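Read through the structure below, which is laid out as C-alpha cells, and then see the notes.
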Amino acid sequence: MEYFIQQLINGLTLGSIYGLIAIGYTMVYGIIGMINFAHGDVFMVGAFIALAVIVALGLTAASGIGMLALALFLALVVSMLITSAWGWTVERMAYRPLRGSFRLAPLITAIGMSITLQNFVQVSQGARNKPIEPLIRGGVELSRGTTAGGVTIGATISTMQIIIIVTTIVLMTIFSLIIAKTPLGRAQRACEQDAKMASLLGINVDRTISLTFVMGAALASVAGLMFLLYYGVVDFYIGFLAGVKAFTAAVLGGIGSLPGAMLGGLLIGLIEVFWSGYFTIEYKDVAAFSILAIVLIFLPSGLLGKPEVEKV
Amino acid sequence: MADATQPTAVTVRPEGAQAKREDRAAALEGELPFEGRREETFGQRLLSALKDAGVAALLALVLFLFLIGARTRIETGGLDIEWRWEGLFVAVMVVFFGRLVFSTAWAKDRTRFAVAGGVTLVAAAIFFLLRLQGEPAQWWFAALATAGAVGLVRNRVGTRYGASIRQASGSLGLRRAFTFIGPVLIAFAILFPFMPFADRRVLDLGILVMTYVMLGWGLNIVVGLAGLLDLGYVAFYAVGAYSFALLATNFDLGFWICLPLAGILAAFWGVILGFPVLRLRGDYLAIVTLAFGEIIRVVLLNWYEVTGGPDGVSRIPKPTLFGIEFRRGEGNFADLFGLEYSSVHRFIFLYYIILGLALLTNFVTMRLRRLPIGRAWEALREDEIACRSLGINTTTTKLTAFSIGAMFGGFAGAFFATRQGFISPESFTFIESAIILAIVVLGGLGSQVGVVIASVVMIGGFELFREFEEYRMLVFGLAMVLIMVWRPRGLISSREPSAVLKEKKMIGGDLVAQGEGH
C-alpha cells in the first residue's frame, strides 16, 4: 500500500513537470496550429539558465532558508525572463516567416531550431551533464507499513515534491484565470477560433501569438527549474526527451485544450512511474507511447480534445 | 493636387469622382497619386537601421547572457561558474553588425552599399586584431565576414542583374533544362566511381549520399505522394537493418536472399504502423509515427536476447557478386578478373548496389504514380473527403503507401547493415527521421530530383564540415531553419503533374497540396 502511495506521489510530481511543458505545446498549437518542436529545448535552456544563476549566487545546501528562498525566487524570475526572450526569438525566427505556409515547413524549421538549441547549449556549456547537490531537503512521512517480506517501508512526500505540485496547481489556476478573464486571454481565444476575424476586430494577432509563445516559454522555464531541483542534474539532451513526452501528453489530453494538457501530463507521468515501479523500467517509454496509440485509436482527438469539424 | 515633394501637415483632398480623376491624371504624369510620402534621407534610414541593430544586439545580450557569458564547469566540490565576457561581447557585436548589414543590404542606393562595405571592413578589422592577440575568434568572424560579403553581393546583383537573371531562367533556360536533368544526373551517378576525384573517401561519401537519396525517395512516397506526415521513418530503416542482420547472422543466408526478406518484414511493419493511424489527422499522425520510431528504438535497445541491446549485431556478411567475394586471395573478385586487389573494389560494388536500389525505388515510384494506386495516393493528399466520395478505399490506399514506403526503407536499412558490418540502436534515433524528412521537404515534396539535390547539399555539406566537429550539428540546424525560411516550398519549386489533359507542363509547387495527413 505504501509502495503504491509512493509511486502515486512520484507519478504526480513527474506528471506536473510534463504538464507544465505540455501547456506550452498545446497553447501554441491552439493558436497557430503548428507543433513547436523546439519547446522541449526551450525547457532545457530554462533549466540551464536557472542552473547558471544558482551557481553564480553560490547557493549550497548549507545556505540559510531565507537566502535559499530568495535566491531560488531570483533564479526563477531571471530564468523566466530570459527563457521568454528565447521563446519569442524562436517564434520570430522559425515560425513567423512561414506563417502563411503549409503544415510541413514550420515543422522542419522547428526541428532545425530544436537541433540548433541543443547543439548551441552543448557547444557553449559543454557536453557533460551538470550535477548540483540537492538544495531542498526533507519531507513528510505519510504512512508507514510493512511489506509481505517483513520490511518496513514508508511513503514520504518530499518538500521538493510538495513545492512542485503546489506550484503547478497555482500556475494552472493563474493561467486558467488569464485565459478566461483577461483581455489577453480573450484575444487568444479569439485568435484560436478565427484569426482573420480577430484581426478585423482590432486584435493584434502577431502580438497575441508572440505572447502565447512567451507564456509557454515562461511555464517551460518554471518546469526547468523544478526539474533541476528535483533531479539535481541537467544536460543538453533533457529537452528532447521531456519534449517528446510532453508533446505526447498534450496530444493524449487533446491538443488545443489546456486542462487536457495538464491531464495528459499527469497521465503520462503516472503511467511511466507505475510501469517502472510494477513492471520493468526499460520499457516505460514504450508503455507511455503505446497508451497514446491505443487512446488515439478510440478517441482520435485525444481525451479532452474537440473533434475537428472539417468543412467540405 | 497635393504636392508630393514637400511634407504637408494638413491637406484637403478632393473626394469622390474628382479624386479618381486627379489620381488617374497623376498616374499618367508619373507622379505618386498619394501624398504625404516623404523620401527618407540616407541619415534617417541609417538611424533606423542602427536602432534596429541596437535592439537586436540588446536582445542578443539578454539571450546569451547566461549561455555564452557564463559557463558552469564541473570542479571538485560541485559546479563552478566561469564568466566569458569576451565571448559574450563578440556574440553581441556579431549580432549588431550582422543585423546592420542585413538591413542595409536590401538597399537600392549606392550609399547603402558603402555602409555595408564599411561594416564588413570594420568586422574584418576586429577579426584581425583579435587574431593578432591570439584569440580563437575565427568561427564567429568567418560567419560575420560571410554575412557582410553576402550583403554586398546581394546589393550589387539584386538591383542591376537580378531582373535579367530571373527573366532568362524563367523563360527558357531552366525549364527546358529540367527535362534533361534526370538523365544527366543518372549518367553522372553511374560514371561516378570512375571519375578522377573518386578516391575511397569520396566514394564512401557517395554511398552515404545515395543511401539518403534512397531513404528520401522512400519517404517521398509516404509524405510527398500520399501526404501522410510520417515522423518515424527511421523505424522501417531500423527494422530492415536488424531483420537483415539477424537473418544473416542466425541463419547464414547471403545478402541477396536476405534483402527481399528484410524489405518484406519492413513492409509488414509498415502495415502494422498504418493500422492505428488510419483515422488520425496530421499532427496526431505525426506524433504517433514519432512514438513508433521511439518504441522501435527502445525495444531494440532493451531486448537483449534477440537484438543484442546496445552491443548491436556484428559480423554481418558483406554482399557478394554471384558468390564471388571481394576479399584478398584466390577465387575472389580481384583474382578472377585479373586485377590488382584493392579495397576500393568493394566500395565500388557497394556503390553500384545502392545506386541500383535507389534507381529501382525511383523507377517503381514513377511507374506507380501512373498506376491507379499512385493516382489514389495523390488524390488522398489533395483532398481525402473527395477521395472517399469518389469510392477510393482510403484504408487500403494509406496502408499501401505506408507499406511500400517502408519496404524501400527496409531495403536501405539492409544495405546499411551490410555496408557497416555492425549495427546498433544508436544509428536509428529520431534525428535520422528528422534529417530524412528535412531532405524530402527541402527538396520539394513529391519531386524526385529535388530529393537528390537536397541530399547532396545536406549530407555532402555535413561531411564537408567534418573538421568543425563541434559546430557541425549547430550549423546543420541553422542551415535547416534558414533554407526553409528562404524556400518553404523546397529547392525545386515546380512539379510534374501525373495526369494531364493535353500538354504536360510543369506547374508551380504551391498548387500542390502538402497534405494534412488525413
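The set of residues in the stretch A:93-110 being surrounded by fewer than 24 Cβ atoms within 10 Å (Cβ to Cβ), at the interface with chain B (Cβ under 8 Å from one of its Cβ atoms) and in contact (Cβ under 8 Å) with a residue 60 or more places away in the chain consists of A:Arg103 alone.
Residues are listed down the side, and each one gets a yes or a no for (1) crowded, with 18+ Cβ neighbours inside 10 Å; (2) more than 27 Å from B:Asp204 (Cα to Cα); (3) over 26 Å from the mean Cα position of the chain (by Cα):
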position: B:Thr365; (1), (2), (3): yes, no, no
position: B:Gly374; (1), (2), (3): yes, yes, no
position: B:Ile392; (1), (2), (3): yes, yes, yes
position: B:Met407; (1), (2), (3): yes, no, no
position: B:Phe416; (1), (2), (3): yes, no, no
position: B:Ser427; (1), (2), (3): yes, no, no
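Identify, by number, the condition in (1) at positive phi; (2) touching a helix residue (DSSP H, G or I) at 6+ places or on another chain (Cβ under 7 Å) that B:Asp252 doesn't meet. In the conditions (1) at positive phi; (2) touching a helix residue (DSSP H, G or I) at 6+ places or on another chain (Cβ under 7 Å), B:Asp252 misses (2) alone. When we screen B:Phe251, B:Phe333 for residues that are surrounded by fewer than 21 Cβ atoms within 10 Å (Cβ to Cβ) and touching a strand residue (DSSP E or B) at 6+ places or on another chain (Cβ under 8 Å), the only hit is B:Phe333. Would you check if there is a residue in the stretch A:293-307 being of a type in the set (Lys, Arg) and within 10 Å of another protein chain (Cβ to nearest Cβ)? No: the stretch A:293-307 contains no residue that is of a type in the set (Lys, Arg) and within 10 Å of another protein chain (Cβ to nearest Cβ).
Comparison of B:Leu231, B:Leu278, B:Leu290 shows that the only residue that is under 22 Å from A:Gly253 (Cβ atoms), surrounded by fewer than 19 Cβ atoms within 10 Å (Cβ to Cβ) and within 14 Å of another protein chain (Cβ to nearest Cβ) is B:Leu278. Residue count for the stretch B:293-318 under the criterion of being surrounded by 17 or more Cβ atoms within 10 Å (Cβ to Cβ), touching a strand residue (DSSP E or B) at 6+ places or on another chain (Cβ under 9 Å) and charged (D, E, K, R): the result is 0.
Screening the candidates B:Leu88, B:Leu63, B:Leu50, B:Leu59 for the property of being at pLDDT 80 or above and touching a Gly at 6+ places or on another chain (Cβ under 7 Å) yields one hit, B:Leu88. In the stretch B:398-414 there is no residue that is in a loop (DSSP other than H, G, I, E, B), out of contact with any strand residue (DSSP E or B) (no Cβ under 9 Å at 6 or more places or on another chain), more than 27 Å from B:Gly312 (Cα to Cα) and of a type in the set (Lys, Arg).
The single condition among (1) outside any helix (DSSP H, G or I); (2) within 14 Å of chain A (Cβ to nearest Cβ) that B:Gly391 does not meet is (2). Taking residues in the stretch B:63-81 that are on the phi > 0 side of the Ramachandran plot and more than 7 Å from chain A (Cβ to nearest Cβ), and partners anywhere that are modelled with pLDDT under 80 and surrounded by 21 or more Cβ atoms within 10 Å (Cβ to Cβ), not one pair has Cβ atoms closer than 6 Å while being at least 6 places apart or on different chains. Of the residues contained in the stretch A:173-184, one or more are found to be more than 14 Å from every other protein chain (Cβ to nearest Cβ) and outside any helix (DSSP H, G or I).
The single condition from (1) within 13 Å of chain A (Cβ to nearest Cβ); (2) closer than 21 Å to B:Met210 by Cα; (3) touching a residue at least 24 places away in the same chain (Cβ under 8 Å) that B:Phe422 fails is (1). Filtering the stretch B:297-312 to residues that are assigned to a helix (DSSP H, G or I) and either over 15 Å from B:Ala417 (Cα atoms) or within 9 Å of chain A (Cβ to nearest Cβ) (or both) leaves B:Arg297, B:Val298, B:Val299, B:Leu301, B:Asn302, B:Tyr304, B:Glu305, B:Val306, B:Gly309, B:Pro310. Name every residue in the stretch A:111-145 that is in contact (Cβ under 8 Å) with a residue 60 or more places away in the chain, hydrophobic (A, V, I, L, M, F, W, C) and not in a helix (DSSP H, G or I), in order of residue number. The answer is A:Ala127, A:Ile132, A:Leu135, A:Ile136, A:Leu142. In a residue-by-residue description of the stretch A:117-130, the property of being hydroxyl-bearing (Ser, Thr, Tyr), at the interface with chain B (Cβ under 7 Å from one of its Cβ atoms) and within 18 Å of B:Leu482 (Cβ to Cβ) applies to no position. For the stretch B:278-285, the condition of being hydrophobic (A, V, I, L, M, F, W, C), more than 30 Å from B:Phe322 (Cβ to Cβ) and either in a helix (DSSP H, G or I) or in contact with an Asp or Glu (Cβ under 8 Å, 6 or more places away or on another chain) (or both) holds for at least one residue.
Each row is one residue, and each column tells you yes or no for (1) surrounded by fewer than 20 Cβ atoms within 10 Å (Cβ to Cβ); (2) under 18 Å from the mean Cα position of the chain (by Cα).
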| position | (1), (2) |
| --- | --- |
| A:Gln193 | yes, no |
| A:Met197 | yes, no |
| A:Leu201 | yes, no |
| A:Asn204 | yes, no |
| A:Ile209 | no, no |
| A:Val233 | yes, yes |
| A:Gly239 | no, yes |
| A:Ala249 | no, yes |
| A:Ile255 | no, yes |
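What number of residues within the stretch B:208-228 satisfy the criterion of being surrounded by 23 or more Cβ atoms within 10 Å (Cβ to Cβ) and under 18 Å from B:His345 (Cα atoms)? Qualifying residue count for the region: 1.
The residue that is farthest from the other protein chains (Cβ to nearest Cβ), counting only those in the stretch A:30-88 that are among the β-branched types (Val, Ile, Thr) and over 25 Å from A:Phe247 (Cβ atoms), is A:Ile65.
Selection of the stretch A:147-198 for residues being of a type in the set (A, V, I, L, M, F, W, C) and in contact with a strand residue (DSSP E or B) (Cβ under 6 Å, 6 or more places away or on another chain) yields A:Ala155, A:Ile157.
Within the stretch B:224-258, restricting attention to residues that are at pLDDT below 90 and β-branched (Val, Ile, Thr), the residue that is farthest from the chain's Cα centre (by Cα) is B:Thr249.
Consider the stretch A:226-246 and keep the residues that are in contact with a helix residue (DSSP H, G or I) (Cβ under 8 Å, 6 or more places away or on another chain) and part of a loop (DSSP other than H, G, I, E, B). The one that is farthest from A:Gln125 (Cα to Cα) is A:Tyr237. If a residue has to be more than 9 Å from chain A (Cβ to nearest Cβ) and either out of contact with any strand residue (DSSP E or B) (no Cβ under 8 Å at 6 or more places or on another chain) or modelled with pLDDT of 85 or more (or both) to count, how many in the stretch B:441-480 make the cut? The total comes to 23.
The values are calculated or read from the model by the stated rules, or taken from the named source; none is laboratory data. What you are looking at is a predicted structure, and each value in this text was computed from that prediction instead of being measured. All Cβ positions, even for glycine, are placed from backbone atoms using ideal geometry, and neighbour counts span all protein chains on display.
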